[in-house]
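First comes the structure, then the notes that go with it.
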Ligand SMILES: Nc1nc2c(ncn2[C@@H]2O[C@@H]3COP(=O)(O)O[C@H]4[C@@H](O)[C@H](n5cnc6c(=O)[nH]c(N)nc65)O[C@@H]4COP(=O)(O)O[C@H]3[C@H]2O)c(=O)[nH]1
């Protein structure tokens, strides 16, 4: 087809990019120079390749579609395509194509028009249009977002400049100020809405434009007053084109909340400052450090010397005030509450610099906070007064007011605990029951004040005699109990230890007491019982100690006895005596014996009536075996009455015989009997009933009677004395004999106690006492009887010293009336 060189030349030189290819497969037959320049592919490179091979078509299909159009319309024009050249640049072109047949072969003649520049410009324009649109949309979106944010955050802004008449307010600013959108012009004065008080500050800030925060109030057209927070500054330093910019935020609600909070806080502060204590809020941070978030004033009412401010600065500063013994427990309680999130309640003490101790009660409720912190809110109150009252109540309830020692109640509690502990272990404790000898007499004679003084001193001495851990208690009256706890497990060892302490107590209580500037002696009787698991109850234990104490009394007082089971037998015996004595009175088992009383010539001048008990099983019992018991049980009253009647009847019988008509009869009257309100009446009644000659009746009273209510005693004695009954003072010298009362008593006779007579020849003391009694009797004009005279020596000694009457085995033992030497009354008995 290009055989002709002219044609070829023509094809090659036309200024249009042309190519010739087979329609069937698209293989190039020829391309011209312009085509090669445009595509970058030479004739040589493309010959044998198809238009699809060189990338002119995106695909075969696309080429076939184009050919279909060509067939249909007969031509194809301006089909936009692109091609990547070997130098990787892309060209865009428009393809026009025509078709022709030659030698039974169909060929395509194609022209390429380079539209790369045009297309690129078009695309760029399109892209920039799209970008602009997108940017616009984004801006609009952001504006909408910004406006929404403005509205949500109640903020707005304004700008002014650079043109003098330029002023823009944001939609948000219009909204929050309540002004009509767009209504504010540079000429309009928006500041007129600012409250006049706040205007100067606003104007100053507007002038300064320094970006500082400014607060002012704004009255909206609807009348609502807003609190605004604003900041204004320059956007550019370039003066001619200066733009001013301001942001405004409506903080009315914030301010209202703040004011409400402030109101509430000041309310809380007002309330808490009047509370009797401090309210606090403390936080333990995750690192374990404590800090006060709040503490009410005046903090010094709880922590003297500290202000709330000081405590807020250093949460630990008040710890120095805590009592050293309580610090650890305090810290532990706080730590535990914060860890367990359980309510805190703790009582602790402060030790103030002046030595004063204050009790505080702390209470709080801990709550977990974020990030491991715990906040505890609570209050601390001063409970010193309550504590003192509690202590006082406890003191009153459990301590003896006089001595300050534990009282019976506390003692019983402690013994109960000791008993429980003994039941669980082998350990043995000792209980010492201490009773003061003759305390009652001393109390009655010297007065209760002195008695109280003695009890206080005894309490002190008892405490000084034992270890601090031991209990010294006052049971009441003159009874004390010492508990020596857990002395050991070996009975013998424990007994030895208790004995040692008992002796120490005896020794300490035996020293003279200085009472009201007088020196006085008092002695104790001590009973000891052991507290071991064998003991069943506190009651039993105290009974045992009490019994042992009575044994000490019976053994002559001022001594100590340990409880042993035989004592219980004795008690049983005493109870039996009581019961039997009652019967004995009814069954007339009592008999009277009489012991002669003689003069200097040993001639019988009278007798002393001494009671005996003809016991059906035990034989004749001495009064020593039942008089004490009768005294205690009160049976002494009917017994004494019986003795008196019998003795009077005897006197009446003797009165009928001239030989015996002058005999006197001494009758023992016990203290309890004498004190009986009816005593005088009872004696008179017996006298009336028997018709006895009263002057022959001599009532023997003991010294112990005289220490109580002297006036009553004197009255009774005088009443009987007017009836000519006489009185003898028995056992003179053994008790609290005092010359002053001796002078006041209507006595007739003194009896020298047999304890002085016994050793009168060997003991100079006893001799001196006997002598003194005789002399005293002489000077007071009283007869003196020496009792218990057993030897001639005693008789002579006493007679030589002026004693005129005697009684004792030397002259005759107590015997039944039938055995009295009445037939030879005028003869000396020895
Ligand atoms: N060792 C010794 N003892 C002598 C001698 N002479 C007399 N006695 C005893 O000494 C006691 C003297 O009686 P008391 O001091 O009134 O002491 C009496 C008296 O306090 C009391 N008592 C006896 N009968 C009665 C009574 O009817 N009523 C009251 N309330 N007490 C009585 O019992 C106490 C003891 O009476 P008794 O056993 O009869 O003991 C009597 C008598 O037997 C002596 O030479 N040597």
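Under the definition of Cα pairs under 8 Å and six or more residues apart, what whole-number percent is the relative contact order of the chain? The partial results should precede the final answer.
On the way: 1399 pairs, mean separation 43.5, N = 830.
Relative contact order for the chain comes out at 5 percent.
Equivalent-ellipsoid semi-axes (√(5λ), Cα gyration tensor) for the range 1-118, whole Å, largest first? Provide the component values of the computation, followed by the final result.
Working: eigenvalues 78, 68, 36 Å².
For the range 1-118, the semi-axes come out at 20, 18, 13 Å.
Calculate how steeply helix 636-655 sits against the longest principal axis of the alpha-carbon atoms of the chain, using the helix alpha-carbon long axis, and give the answer as 0 to 90 degrees to the nearest 10.
10 degrees
So for the range 645-770, what percent of the C-alpha to C-alpha distances run longer than 18 Å? Intermediate values should be presented prior to the final figure.
On the way: 4401 of 7875 pairs.
Percent of Cα pairs beyond 18 Å in the range 645-770: 56.
Looking at the range 584-824, I'd like the Rg to Rh ratio, where Rg is from alpha-carbon atoms and Rh is Kirkwood's inverse mean 1/r. Each step should come with its number before you reach the end.
On the way: Rg = 17.3 Å, Rh = 18.3 Å.
Rg/Rh: 0.94.
Among 564, 628, rank each residue by its count of other Cβ atoms within 10 Å, from fewest to most, as a rough exposure measure. Walk me through the intermediate numbers first.
Values: 564 13, 628 16.
Final ranking by Cβ density, sparse to dense: 564, 628.
If you find the alpha carbon centre of the range 95-117 and of the range 623-650, how far apart are they in angstrom?
If we compute the Cα centre of each part, the gap is 171 Å.
If a/c stays under 1.5 just call it rounded; otherwise compare a/b with b/c (prolate if a/b is bigger, oblate if not). Do that for the range 589-645, with a ≥ b ≥ c from the square roots of the Cα gyration tensor eigenvalues. All intermediate terms of the calculation are to be shown ahead of the outcome.
Details: a/c = 2.62, a/b = 1.85, b/c = 1.42.
Prolate shape, in that a/c is at least 1.5 and a/b is the bigger ratio.
Take 202, 756, 398 and order them by how many other Cβ atoms sit within 10 Å, fewest up front. Mind dumping the intermediate values first?
Numbers: 202 20, 756 26, 398 16.
Going from least to most buried by this count: 398, 202, 756.
For residue 744 and residue 139, compute 0.36 nm times the residue count separating them, minus their Cα-Cα distance, and round to one decimal in nm.
Details: separation 605, 0.36 × 605 = 217.80 nm, distance 13.08 nm.
In short, 204.7 nm is gained.
Please give the FRET efficiency for residue 589 paired with residue 395, using the beta carbon to beta carbon distance and R0 = 51 Å, rounded to the nearest 0.05.
Working: r = 54 Å, r/R0 = 1.07.
Between residue 589 and residue 395 the formula returns 0.40.
Could you work out how far apart the two model spin labels at residue 185 and residue 518 are, taking each label as a point 7 Å from the Cα in the direction of the beta carbon, and quote it in nm?
Going from the residue 185 label point to the residue 518 one covers 12.2 nm.
Under the rule a/c < 1.5 gives rounded, and otherwise a/b versus b/c splits prolate from oblate, where does the range 148-219 land using the Cα gyration tensor? All intermediate terms of the calculation are to be shown ahead of the outcome.
Working: a/c = 1.37, a/b = 1.13, b/c = 1.22.
It is rounded, given that a/c, with a ≥ b ≥ c, falls under 1.5.
Give, in nm to one decimal, the length gained when the segment between residue 195 and residue 25 is fully stretched (0.36 nm per residue of separation minus the Cα-Cα distance). Don't skip to the end; give the middle numbers.
On the way: separation 170, 0.36 × 170 = 61.20 nm, distance 9.04 nm.
The span from residue 195 to residue 25 would gain 52.2 nm if fully extended.
Once you compute Rg and the Kirkwood Rh from C-alpha atoms, what is the Rg to Rh ratio for the range 191-230?
On the way: Rg = 10.2 Å, Rh = 10.4 Å.
My calculation of the ratio gives 0.98.
Taking the DSSP beta bridges in the range 12-95 as the whole, what percent of them are antiparallel, to the nearest 5?
Details: 10 of 11 bridges.
Roughly 90 percent of the DSSP beta bridges within the range 12-95 come out antiparallel.
Answer rounded, prolate or oblate for the range 399-563, using the Cα gyration tensor with square roots of eigenvalues a ≥ b ≥ c: rounded when a/c is under 1.5, else prolate when a/b is larger than b/c, else oblate. Spell out each step's value before the answer.
On the way: a/c = 2.03, a/b = 1.73, b/c = 1.17.
Prolate, since a/c reaches 1.5 and a/b exceeds b/c.
Let me see the P(r) profile for the range 779-830: every Cα-Cα distance counted, bins of 5 Å, each bin given as a percent of all pairs.
Histogramming the range 779-830 at 5 Å steps yields 5, 17, 24, 23, 17, 10, 3, 0 percent.
Roughly speaking, what is the stretch gain from residue 792 to residue 496, that is 0.36 nm per residue apart minus the C-alpha to C-alpha distance, in nm to one decimal? If you can, show how the numbers build up before the last one.
Working: separation 296, 0.36 × 296 = 106.56 nm, distance 4.69 nm.
Computed gain between residue 792 and residue 496 is 101.9 nm.
I'd like the orientation of helix 408-424 relative to the chain: the angle between its Cα long axis and the longest Cα principal axis, in ° from 0 to 90, rounded to 10.
The answer is roughly 70 degrees.
Specify the angular offset, from 0 to 90 degrees and rounded to the nearest 10, of the alpha carbon long axis of helix 538-554 from the longest principal axis of the alpha carbons in the chain.
Approximately 30 degrees, to the nearest ten.
Provide the descending list of Cα extents for the range 263-305 along its principal axes, expressed in whole angstroms.
34, 28, 13
To check you understand DSSP bridge types, tell me what percent of the beta bridges within the chain (both residues inside) are antiparallel, rounded to 5. Don't skip to the end; give the middle numbers.
Details: 122 of 149 bridges.
So the antiparallel bridges in the chain amount to around 80 percent.
Regarding the chain, what whole-number volume in Å³ per residue does the convex hull of its Cα atoms give?
Normalising the Cα hull of the chain by residue number yields 435 Å³.
Counting just the Cα atoms, what span does the range 277-389 cover along each of its three principal axes? Round to the nearest Å and put the largest first.
Computed over the range 277-389, the largest-to-smallest principal extents equal 42, 26, 21 Å.
How much FRET efficiency would the formula 1/(1 + (r/R0)^6) give for residue 800 and residue 827, where r is the Cβ-Cβ distance and R0 is 30 Å, rounded to 0.05? Please report the intermediate quantities before stating the final value.
On the way: r = 22 Å, r/R0 = 0.75.
Computed FRET efficiency for residue 800 and residue 827: 0.85.
Based on C-alpha coordinates, I'd like the Rg and Dmax of the range 431-528, in Å.
14.0, 46
Could you line up 809, 107, 28 from fewest to most neighbouring Cβ atoms inside 10 Å? Mind dumping the intermediate values first?
Values: 809 12, 107 18, 28 24.
Final ranking by Cβ density, sparse to dense: 809, 107, 28.
Quick one: the Cα spread of the range 65-127 along its three principal axes, in angstroms, biggest first?
47, 27, 16
Each reported figure results from applying straightforward, stated rules to the coordinates on display, with no laboratory input. Just so it is clear, the model here is predicted, and its values are computed rather than measured. Counting neighbours? That spans all protein chains shown, and the Cβs are built from the backbone with ideal geometry, glycine included.
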